[in-house]
Amino acid sequence: GAPLPPDLKKQMQKAVVSHTDCSPEMLQEIMDVATGMIDKCSASDGVKIETACKMIKEALDKQYGTAWHCVIGKGYSFDITSQNGTLLYFFYQGEYSVMVFKC
């Protein structure tokens, strides 16, 4: 589809959680890490998705132990098995869906 207008995209900068089974504290920490890394990897030509995923995974591995996974995209479906209390699926910047989980 067509890219979002810049003014609308700016209004949609806040992350919107679609599904999670994380504790409130863990949810906030993961959101801070993920949105920070996505912002850090954003450029005028878009988000460097692979770099952002790698940085999010490495940060969560360091903070919570290994086996974290991160998926960022504009259109995908999933069926995963994750460790209880570690799944987070949210939307960010109006066009990206982000899923992080530990297995």
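The values are calculated or read from the model by the stated rules, or taken from the named source; none is laboratory data. Predicted model only: the values in this text are computed from it and were never measured. Here the Cβ positions follow ideal geometry from the backbone for every residue, glycine too, while neighbour counts run over all protein chains shown. Quick note on the areas: whole protein, heavy atoms, side chains included, nothing else; ligands and nucleic acids left out. Shrake-Rupley method; radii C 1.70, N 1.55, O 1.52, S 1.80 Å.
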Selection from the stretch 75-88 of residues of a type outside the set (A, V, I, L, M, F, W, C) and within 17 Å of Lys54 (Cα to Cα) yields none
Condition check: open to solvent by 50 Å² or more (accessible area, probe 1.4 Å), within 12 Å of the chain's Cα centre (by Cα), at negative phi and of a type outside the set (A, V, I, L, M, F, W, C). Does Lys48 satisfy that? no
So Val98 clears everything in (1) in contact with a Cys (Cβ under 9 Å, 6 or more places away or on another chain); (2) aliphatic (A, V, I, L, M); (3) more than 24 Å from Pro5 (Cβ to Cβ) except one condition, right? Which one? (3)
Among the residues of the stretch 18-42, the number that are open to solvent by less than 70 Å² (accessible area, probe 1.4 Å) and either under 22 Å from Asp61 (Cβ atoms) or modelled with pLDDT under 90 (or both) is 15
Residue check: is Tyr76 touching a residue at least 12 places away in the same chain (Cβ under 8 Å), of a type in the set (Phe, Trp, Tyr), open to solvent by 30 Å² or more (accessible area, probe 1.4 Å) and more than 15 Å from Asp32 (Cα to Cα)? yes
